[in-house]
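The values are calculated or read from the model by the stated rules, or taken from the named source; none is laboratory data. Source: prediction; values computed, not measured. To get the accessible areas, we keep the full protein, side chains included, count just its heavy atoms, and leave off ligands, DNA and RNA. Shrake-Rupley method; radii C 1.70, N 1.55, O 1.52, S 1.80 Å.
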Amino acid sequence: MSGLKLGVLISGSGSNLQAIIDAMAHTISSKVVCVISNKEDAYGLERAKNHNIPTYVVTEKGEIGEQQIIEYLKQSEVDLVVLAGYLRIISTDLLEAYKGKIINIHPSLLPKYGGKGYYGLNVHKAVIENQEKFSGATVHYVEEGIDTGEIIMQKQLNVLEEDTPETLQQRILHEIEHPLIVEAIKFLESEKK
Ligand code: GRF
């Protein structure tokens, strides 16, 4: 089975990117062909370089920045764009250029705790404040709204009484997000056949 050529967009640590890179050795046949960051000092860029994956930094905002991203993705012959902790809103140009081919991972059970303001620790603070019994992560297609596209896959865990927003964030990242992003890519590979 031939895999997908993945272009991964990041803004920070890139631990989900790392999970994808690790899975390339045995679990998935897709390959990360490039990593794009809007932040020069994103640690995820180091992770990519450690595996000889080409990187590209686009700090320019708005249409100019998006055109640079589109060009680079096209040049790299990307067929699936993975947003893995990319903290910029994707605009129409990129959505049009990769219609139905952009996915995102979000650290909550969407549609709960998605949309404006729900990023980073804010998500987990709200989950704990509302005394939710479950939380988790979602991989979904990206469309114009924030965190609103069709859900591809979701996994949950129990929120523990002793959880703080920080522990919940870490548990979701390691126990749920990392395996989930890999599973979702595997699923999309099988859809491509
Ligand atoms: C993850 O929690 C992801 O769900 C969210 O941003 C975070 C990125 O973490 N969109 P990392 O950079 O992959 O470590």
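Structure above, values below:
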| item | result |
| --- | --- |
| Hull shadow area, averaged, the range 1-40 [alpha-carbon convex hull, nm²] | 2.8 |
| Over the range 85-184, volume per residue of the alpha carbon convex hull, in Å³ | 86 |
| MRE, 222 nm, helices only [DSSP H, n ≥ 4, -39500 (n - 2.57), over the chain, to nearest 500] | -10000 deg cm²/dmol |
| With Cα atoms, 0 to 90° folded angle of helix 178-192 axis to the chain main axis | 50 |
| By accessible area with a 1.4 Å probe, ligands and nucleic acids excluded, highest first: order of 178, 51 | 51, 178 |
| Per residue, in Å², the accessible surface of the range 32-106 once ligands and nucleic acids are set aside, probe 1.4 Å | 51 |
| Inter-part distance where the range 23-41 and the range 86-129 are each reduced to a Cα centre, Å | 19 |
| For the range 133-176, alpha-carbon Rg relative to the globular expectation (2.2 N^0.38 Å, N residues) | 1.32 |
| Accessible surface of the chain [probe 1.4 Å, protein heavy atoms]: carbon and sulfur percent | 49 |
| Surface/4 of the Cα convex hull for the chain, nm² | 10.3 |
